[in-house]
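Inspection log for the structure reproduced underneath, given as structure tokens.
Here, each number is a calculation from the coordinates, and none is a lab measurement. Fair warning: this is a prediction, and the values are worked out from it, not measured in the lab. So basically every Cβ, Gly included, is an ideal-geometry build from the backbone, and we count neighbours across all protein chains shown.
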Amino acid sequence: MDGSGRALSPGANALLQDALEGLSQRQKRLSPKWLYDQRGSALFEEITGLPEYYLTRTEAAILTEYAAELAGLVPEGGALVEFGSGASVKTRTLLDAGDHFAAYVPIDISANFLHQTAHGLRAHYPRLEIAPVVADFTAPVRLPPHLDAMAKVGFFPGSTIGNLPPEAATDLLRHARRWPGAQGFILGADLVKDEATLVAAYDDAQGVTAQFIGNILHRLNAELGADFDTGAFAYRATWNAALARIDMELVSTRAQTVSLPGARIDFAAGEAIHVSASRKYTEQTLAQLVVPAGWRVEQLLTDEDRAFAVAVLLPQ
């Protein structure tokens, strides 16, 4: 039941259980996978166009420069399978260069956003099978069975791999390695650089990232009947040099108590909810991530400033 006594949907119940577990920890946390409802997905797409957010334009330039080479990793009649596809904007670079693809499989947790995107892609690529999969890619994803015999190349752009704990990131890559017909993997990874550039990318002057991270509280209120005073939480992004990651948190600006179905959560003034982390890599730490999953780094494609990398992974 939500805060008004209504029965919860399975999705809302999963959100509630995850929130209750995370907010009961000594370091309160909420999983970043719940950021991506319809509004959250739209806000993230807005973030990718911000001047401070170098990641998207830098990666897009790399993909454009190496489009033919990357598309060529997919064998004739094969499938490109993308994790966290969102609006599939960067993917179109590979789809345009890959007229030999038989299928594109976008995987995303936001069902409405995914199906809207898939509809647009079918109109633009009428000869390509678009086979969307609504799923949480942090767990094993079952691909459409009729694609089992097809050669597959994974695609995970945007440095979203950095939002996962290292063990979970390796597990994701391991699951992809076990797909029938797995031939390769194209992985976007942000690289370690100066602190000022990193923090600005996650704390933009327009406050769009703050809205994006804060949207998770709006979801809890709307879907669970929680009573978060969203104006009583401030956004904070900090660089954790020891763990090579940006931490994104919502900080309670005063002592307060919040009600969720089945629980009341106390916050001290200045207490933070950890919502997301974005890890940054070196060549060495990236290899440490992929090798235990059964892949090897065949190529590391970077921009001139080595701000961002697109790693080409092949089976060991």
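Observations on the structure shown:
- Residue among His115, Phe137, Gly11 farthest towards the positive dipole end of the chain, charges placed on Cβ: Gly11
- Overall form of the range 174-228 per C-alpha gyration tensor (a/c, 1.5; a/b vs b/c): oblate
- Principal-axis tilt of helix 54-65 within the chain, Cα atoms, nearest 10 degrees: 10
- Counting all C-alpha pairs of the range 218-313, share separated by more than 17 Å (%): 66
- Over the residues of the chain, the helix contribution to mean residue ellipticity at 222 nm works out to -10000 deg cm²/dmol, using -39500 (n - 2.57) for each DSSP H run of at least 4.
- Taking the chain and dividing mean pair separation by its residue count, relative contact order in percent (alpha carbons under 8 Å, at least six apart): 21
- Cα-based Kirkwood hydrodynamic radius, the range 147-252, one decimal, Å: 16.6
- Two-site label geometry, Asp18 and Glu283: point separation in nm, points 7 Å out along Cα→Cβ: 3.6
- Gain on full stretching of the segment that runs from His218 to Val134 - 0.36 nm per residue minus C-alpha separation: 28.0 nm
- Set the Cα radius of gyration of the range 255-298 against 2.2 N^0.38 Å, with N its number of residues, and you get 2.12.
- Reported to the nearest whole Å, the Cα centre-to-centre distance from the range 175-247 to the range 39-57 is 11.
- Prolate/oblate/rounded label for the range 144-195 (Cα gyration tensor, a/c 1.5): prolate
- More than 23 Å apart - percent of Cα-Cα pairs taken over the range 120-206: 40
- Taking the range 268-315 and dividing mean pair separation by its residue count, relative contact order in percent (alpha carbons under 8 Å, at least six apart): 26
- For the range 111-160, the set of trypsin sites (Lys or Arg not before Pro) satisfying both a DSSP loop assignment and a count of at most 10 other C-beta atoms within 10 Å is given as Arg127, Arg142.
- Summed over all non-identical Cα pairs, the Kirkwood treatment of the chain gives a radius of 20.4 Å.
- The range 1-157 shape via C-alpha gyration tensor axes, a/c threshold 1.5: prolate
- Straight-line reach from Lys28: taking Cα to Cα under 29 Å and skipping same-chain neighbours fewer than 8 places apart, the lysines in range are Lys193, Lys280.
- Folded to 0 to 90 degrees: helix 38-47 orientation relative to the chain principal axis, Cα: 70
- For the chain, the longest principal axis of the alpha carbon atoms and the long axis of helix 10-23 meet at an angle near 60°.
- Cβ-based exposure ranking for Glu59, Glu52, in which fewest neighbours within 10 Å come first: Glu52, Glu59
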